[in-house]
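The values are calculated or read from the model by the stated rules, or taken from the named source; none is laboratory data. Here the structure is a predicted model, which means the values were calculated and not measured. Here the Cβ positions follow ideal geometry from the backbone for every residue, glycine too, while neighbour counts run over all protein chains shown. Calculation scope for accessible area: heavy atoms of the full protein, side chains included, ligands and nucleic acids excluded. Shrake-Rupley method; radii C 1.70, N 1.55, O 1.52, S 1.80 Å.
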Amino acid sequence: GSPIPVGIDVQVESIDSISEVDMDFTMTLYLRHYWKDERLSFRSNKNKSMTFDGRLIKKIWVPDVFFVHSKRSFIHDTTVENVMLRVYPDGNVLFSLRITVSAMCFMDFSRFPLDTQNCSLELESYAYNEDDLMLYWKHGNKSLSTDEHISLSQFFIEEFSASSGLAFYSSTGWYNRLFINFALRRHIFFFVLQSYFPAMLMVMLSWVSFWIDRRAVPARVSLGITTVLTMSTIMTGVSASMPQVSYIKAVDVYLWISFLFVFLSVIEYAAVNYLTTIEERKQLKKKGKASGMYSIDAVQAMAFDGCFHDTEVDMDLTGFSDRCEENETRAGAASVSNVDTPRIKRKRSLKGNVGRIILQNNHVIDTYSRIIFPSVYIVFNFFYWCLYI
């Protein structure tokens, strides 16, 4: 005869989890079937239905609905199997199940973590095609109801909707298919705290290098390497919690651009140090030789004794051999002289002239970098958030 109409309605109890790595979701729901089987009709003076448990299910015909793209599913069985069969006197049947199902959700992470994911749970008869069984939503769009208290840690549920369609299989024909559609919008605050804000701080920290004296090689190099390694750690942590997709995600764009800014700050100091060395060599060539050696300045003296030298206080242009003889003479007279040593004079000079020394020893690249780096990074952030939000 004609296809048997089987109405479906669903009440979603909870969405238990969303897994980006496995690209699936887990949902617990009440699945109810409605159909009419005149063979089960009975006489009733009070027109009341009869309710049975799961033991009768094996003795009568029930629809063979299954979940398309399901990975795992089970009927709850505590304390007994959560199955109900209700038969009315006219032969109408209600068949209800409480099921937890894990199904695939084809996610697009190109805008992660500023993304919205659309998932669906699909129901279909396994054996009976449209010529034998017709699945439909019992009450139209109102056939899908949800618990008001459903919430997820990382997602905000924007909407639930029900739809229907047909599925074709080359060997068996056309089948009625029902869809439970829901849209999930990701909460971004967690990722702002864990990824975006630390990356932003690391980029700003790398700019501190532009304000450090260009001759302080250990300070600037160690700061640059530290920020580069920290950015690498942040990027590794984000990638570890995501599936290995072959396209670029929004968070990858932000972290890689931030990493590029940190890396360029290290390259900037390499350029400053190289150009400073070239400049000093040219100055030495102009000054010529004195006492058989090149005269030394503050930078070269620091290379010899590891101390900073103020050029205006204790540096002159005499040869290094003369400097050594002078130091020996000062050492011999230190016990009988009350005059301050050059090191004490240097410390006193530095106390009042630190700012002036830093400004005088700035390279033009550092000066421009203090303006260019923050300006470009602000522009990048503006366009990034306008594009993805």
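Scanning the range 264-291 for residues that are open to solvent by 70 Å² or more (accessible area, probe 1.4 Å) and either more than 15 Å from residue 366 (Cα to Cα) or not in a helix (DSSP H, G or I) (or both) returns 279, 281, 282, 283, 285, 286, 287, 289, 291. Within the range 7-26, is there a residue that is of a type in the set (Ser, Thr, Tyr), open to solvent by 60 Å² or more (accessible area, probe 1.4 Å) and assigned by the TED database to the domain that holds residue 126? Taking every residue of the range 7-26 in turn, none turns out to be of a type in the set (Ser, Thr, Tyr), open to solvent by 60 Å² or more (accessible area, probe 1.4 Å) and assigned by the TED database to the domain that holds residue 126. The set of residues from the range 173-199 being out of contact with any strand residue (DSSP E or B) (no Cβ under 8 Å at 6 or more places or on another chain) and either in a strand (DSSP E or B) or closer than 26 Å to residue 65 by Cα (or both) comprises just one member, 173.
Apart from one condition, residue 167 fits all of (1) assigned to a strand (DSSP E or B); (2) under 30 Å from residue 7 (Cβ atoms); (3) under 29 Å from the mean Cα position of the chain (by Cα); the exception is (3). Looking at 51, 78 in this structure, which one is in the same structural domain as residue 149 (by the TED database), farther than 20 Å from residue 144 by Cα and without any contact (Cβ under 8 Å) to a residue 12 or more places away in the chain? Testing whether each residue is in the same structural domain as residue 149 (by the TED database), farther than 20 Å from residue 144 by Cα and without any contact (Cβ under 8 Å) to a residue 12 or more places away in the chain leaves just 78. For residue 98, the requirement of being at pLDDT 95 or above and farther than 24 Å from residue 175 by Cβ is met.
Name the one entry in 43, 39, 32 that is in a helix (DSSP H, G or I), assigned by the TED database to the domain that holds residue 103 and touching a residue at least 40 places away in the same chain (Cβ under 8 Å). The unique qualifying residue is 39.
Selection of the range 27-71 for residues being buried (at least 17 other Cβ atoms within 10 Å of the Cβ) and not basic (Lys, Arg) yields 27, 29, 31, 33, 34, 35, 40, 62, 63, 65, 67, 68.
Being within 14 Å of the chain's Cα centre (by Cα) and in a loop (DSSP other than H, G, I, E, B) is the filter here, so list the residues in the range 237-262 that pass it. Within the range 237-262, 241, 242, 243, 244, 245, 248, 249 qualify.
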